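The values are calculated or read from the model by the stated rules, or taken from the named source; none is laboratory data. Because the structure is a prediction, the values reported are computed rather than measured. Glycine gets a Cβ as well: all are built from the backbone with ideal geometry, and neighbour counts include every protein chain shown. Accessible surface areas use protein heavy atoms only, side chains included; no ligands, DNA or RNA. Shrake-Rupley method; radii C 1.70, N 1.55, O 1.52, S 1.80 Å.
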Amino acid sequence: MLKLNRVHHIAIICTDYERSKRLYTEILGLKILREVYREQRQSYKLDLEIAGQYQVELFSFPSPAPRPSRPEAAGLRHLAFEVDDIDGAVAHIKTYGIAVEPIRVDEFTGKRYTFFADPDGLPIEFVEK
């Protein structure tokens with residue numbers, strides 16, 4: 001049986017690098033580990049850390065294809081972050097003018113959750129611990 005240890009990283013391609021960088025670092029608080037510009041690809045690669053555990057790679061490429069997103073397109077559905085206080089997390093991102101869906105309760109786990117979108121419309125979920 002194959003043994004997977006953990007999720008190593010999540011890669012996101014954005015269309016506006018500075019807007020996305022601001023969301024993931026300044027608003028969501030991910031720590032920058034490394035930022036490089038790859039001349040041959042005309043692309044930035046930003047390595048981000050979440051609570052010392054997981055890594056998000058943020059890429060910028062010239063003219064990336066649009067991502068089909070709604071209502072339920074095939075592929076990666078969303079990126080979810082666990083938070084201790086969902087009300088506080090929602091209040092925080094709303095101060096930046098980010099629209100957030102109403103908080104709901106998962107019928108199976110009883111956990112509270114909500115969704116918002118990154119600058120490219122990628123669905124992001126907050127799930128309360």
Scanning segment 99-120 residue by residue, those open to solvent by less than 30 Å² (accessible area, probe 1.4 Å) and either polar (S, T, N, Q) or not in a strand (DSSP E or B) (or both) turn out to be 114, 118
Run residue 56 past the list (1) at pLDDT below 95; (2) assigned to a loop (DSSP other than H, G, I, E, B); (3) within 22 Å of residue 6 (Cα to Cα); (4) of a type outside the set (Ser, Thr, Tyr) and report the number of the one that doesn't hold. (2)
Residue list for segment 8-26, restricted to those being assigned to a helix (DSSP H, G or I) and either over 11 Å from the mean Cα position of the chain (by Cα) or over 16 Å from residue 98 (Cα atoms) (or both): 17, 18, 19, 22, 26
Please work out if residue 35 is open to solvent by 40 Å² or more (accessible area, probe 1.4 Å) and outside any loop (DSSP other than H, G, I, E, B). yes
Filter pass, residue 93 being touching a residue at least 60 places away in the same chain (Cβ under 8 Å) and in a loop (DSSP other than H, G, I, E, B): no
Looking only at segment 59-88, count every residue that is open to solvent by less than 40 Å² (accessible area, probe 1.4 Å), over 14 Å from the mean Cα position of the chain (by Cα) and modelled with pLDDT of 95 or more and tell me the total. 2
Residues being within 19 Å of residue 98 (Cα to Cα) and either touching a residue at least 60 places away in the same chain (Cβ under 8 Å) or of a type in the set (A, V, I, L, M) (or both): count how many of those fall in segment 27-47. 3
